[in-house]
1. Could you tell me whether any residue of segment 331-339 is touching a strand residue (DSSP E or B) at 6+ places or on another chain (Cβ under 8 Å) and aliphatic (A, V, I, L, M)?
2. Determine whether segment 67-80 contains at least one residue that is of a type outside the set (K, R) and touching a Pro at 6+ places or on another chain (Cβ under 6 Å).
3. Can you list the strands (runs of 3 or more DSSP E) found entirely within segment 7-54 that contain at least 3 residues being within 23 Å of D81 (Cβ to Cβ) and open to solvent by less than 50 Å² (accessible area, probe 1.4 Å)?
4. Just to be sure, is D226 without any contact (Cβ under 8 Å) to a residue 60 or more places away in the chain, touching a Pro at 6+ places or on another chain (Cβ under 6 Å) and open to solvent by less than 60 Å² (accessible area, probe 1.4 Å)?
5. Checking the conditions here, which among G357, G362 is under 17 Å from M126 (Cβ atoms), open to solvent by less than 10 Å² (accessible area, probe 1.4 Å) and either at pLDDT 95 or above or among the acidic types (D, E) (or both)?
6. Scanning for something crowded, with 18+ Cβ neighbours inside 10 Å, part of a helix (DSSP H, G or I) and in contact with a strand residue (DSSP E or B) (Cβ under 8 Å, 6 or more places away or on another chain), does segment 58-80 turn up at least one residue?
7. How many residues does segment 308-336 contain that are among the hydrophobic types (A, V, I, L, M, F, W, C), under 18 Å from the mean Cα position of the chain (by Cα) and part of a helix (DSSP H, G or I)?
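The values are calculated or read from the model by the stated rules, or taken from the named source; none is laboratory data. Treat the numbers as computed from the prediction; the structure is a model and nothing was measured. Cβ sites come from the backbone with ideal geometry, for glycine too, and all protein chains shown count toward neighbours. Heavy atoms of the whole protein, side chains included, go into the accessibility calculation; ligands, DNA and RNA do not. Shrake-Rupley method; radii C 1.70, N 1.55, O 1.52, S 1.80 Å.
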Amino acid sequence: MRDLPPLRLTGAEVLLPDGFAREALSLEGGRIAAGGGREIDLSGWRILPGIIDLHGDGFERHMAPRRGAVDRPEAGLAGLDAECGAAGITTAVLAQFWSWEGGMRSPEFSATLAETLAGAETLTDMAMQLRVETHMLDTLEAMADLVARHGIGFVVWNDHLPHAQLAKGKRPPGLTGQALKAGRSPEAHERLLGELHANGPEVAAALAPIAARLAAHGVRMGSHDDHTAEDRAKFRALGADLCEFPETLAAAEAAKAAGEPVIMGAPNVVRGGSHSGKVAAEDLVAAGLVDALVSDYHYPTLARAAVKLSDRHGWPAAWALVSEGPARVMGWRDRGRIAEGLRADLVIMDAAGRVGGTISGGKVSYLAGALAARMLS
């Protein structure tokens, strides 16, 4: 895929660390350059750093539009690439489950997705996060092998087992639907959950050497849905120093007190709170506890959340939650800001906050409407 020819974008308001400034912006060789190139007048538009999404599982509907209807994952990636461009996302980390849930959340599909990404040519820069269920002890070695084989740089530990019901010997709600999705009988699925629940006393000792192996290969680790400060401490001991979707203020405060980044979901901001009664992301943002927002299950909410937060926190701080903040969390120094020499990852928006075009690494990943007419004229 070829980069755009050298361009000089003029007339637009460009988002810099101190706010919007009417400055010319040049692109060349996939990077933000010093000057020169064909001039395009973008008066009336705004140019912002491209959105970096560190956790999105909305790709599942592209891979399987209906349950079990997975055909060619590479075709699903093409649709995902287009949606990311339309959402202003220039870097997308696909949050893939390594889970007892089966189907597209199984270890087998994790390997399929990793192989597909390795051979994919997408305009959006795509990477993979593995969301590993902690109680699947007999699969941990295979998971670590997959991470090493494909250079996966991001692993998050989570535990979604319905422990309360299993501890009481009760059938968890929704079990039959889960079983069908996983391709198991309800009885086999319930038996599996019981066996995994029984692994509880062995989990900490089993995770420690695997986590050490991942850390030795430079894998960034985090934990998902921490509920208490004790939860955070438990995963911190494994080297998982990233707090993803803390469920309570206490868990988020514990992470920040230890100097650990906190990630929250943009849908939580857009809808004004958690859909399941957990802590509101906007409250954590107001308290200065959030380093990055992520798409979670809906890619368009990242831009919408930043626009919403800009009214209260200003554009530089709000947009940093979807650009510079995520880059800093992952240690990516080549993106997240508009500065000479960095990747040409840009979102072009109208005054109402709608995405008109996206440039990812110097390539157009989305262009529509009035902006397309302007740039092609």
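1. Checking segment 331-339: at least one residue is touching a strand residue (DSSP E or B) at 6+ places or on another chain (Cβ under 8 Å) and aliphatic (A, V, I, L, M).
2. No, every residue in segment 67-80 fails to be of a type outside the set (K, R) and touching a Pro at 6+ places or on another chain (Cβ under 6 Å).
3. Numbers: elements: 7-10, 13-16, 19-22, 25-28, 31-33, 38-41, 46-49.
Per the criteria, 46-49.
4. Yes; evaluated as a whole, the condition is true for this residue.
5. G362
6. The answer is yes, given that some residue of segment 58-80 is crowded, with 18+ Cβ neighbours inside 10 Å, part of a helix (DSSP H, G or I) and in contact with a strand residue (DSSP E or B) (Cβ under 8 Å, 6 or more places away or on another chain).
7. Matching residues across segment 308-336 total 6.
Conditions tested, residue by residue: (1) at pLDDT below 95; (2) in contact with a Leu (Cβ under 9 Å, 6 or more places away or on another chain); (3) not aromatic (F, W, Y).
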{"residue": "A69", "(1), (2), (3)": "yes, no, yes"}
{"residue": "P73", "(1), (2), (3)": "yes, yes, yes"}
{"residue": "G76", "(1), (2), (3)": "yes, no, yes"}
{"residue": "A87", "(1), (2), (3)": "no, yes, yes"}
{"residue": "A92", "(1), (2), (3)": "no, yes, yes"}
{"residue": "W98", "(1), (2), (3)": "no, yes, no"}
{"residue": "S110", "(1), (2), (3)": "no, yes, yes"}
{"residue": "A114", "(1), (2), (3)": "no, yes, yes"}
